[in-house]
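The block underneath contains the structure these notes are about, expressed in structure tokens.
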Amino acid sequence: MTPSVLTANALLEGDVIYLTAQGTWAGTLAAAEVFTDEAVAEERLFSVSPAEAVGAYLMPVRLTDGAPAPVHFREAFRARGPSNRFHGKQAEGV
């Protein structure tokens, strides 16, 4: 299996979120749990509560110095946040 993380959108805010190893959602890709076992990844995917997150899917990543990095430009764009620099993750300098 290609290393992957579980990503979705927060139900109330719409922000891009990533599932952590503790089973909570984080707003940064660096906090995401990286899956290398397909059975474990699918189990976590199917346990996502629709009351918390929508549109959940497994996102392929590459490991750069042990941290997950997007493989596809779409995922890099999602991780950076809104394209308007005056709000969201970009305004916070993340």
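The values are calculated or read from the model by the stated rules, or taken from the named source; none is laboratory data. Predicted, not measured: the structure shown is a model, and the values here were computed from it. Reconstructed Cβ throughout: ideal geometry from the backbone, glycine too, with neighbour counts over all protein chains shown. Each accessible area value is taken on the protein alone, full model and side chains, heavy atoms only, with ligands, DNA and RNA left out. Shrake-Rupley method; radii C 1.70, N 1.55, O 1.52, S 1.80 Å.
The figures follow:
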item: Single match in ALA69, ALA76, ALA31 (criterion: out of contact with any Asp or Glu (no Cβ under 8 Å at 6 or more places or on another chain), open to solvent by less than 40 Å² (accessible area, probe 1.4 Å), among the hydrophobic types (A, V, I, L, M, F, W, C) and modelled with pLDDT of 95 or more); result: ALA69
item: Any chance GLY14 is out of contact with any helix residue (DSSP H, G or I) (no Cβ under 9 Å at 6 or more places or on another chain), free of Cβ contacts under 8 Å to residues at least 60 places away in the same chain and assigned to a loop (DSSP other than H, G, I, E, B); result: yes
item: Per-region count, region 34-43, residues buried (at least 16 other Cβ atoms within 10 Å of the Cβ) and farther than 15 Å from ALA69 by Cα; result: 1
item: Test result for ARG62, touching a strand residue (DSSP E or B) at 6+ places or on another chain (Cβ under 8 Å), surrounded by 15 or more Cβ atoms within 10 Å (Cβ to Cβ) and at pLDDT 95 or above; result: no
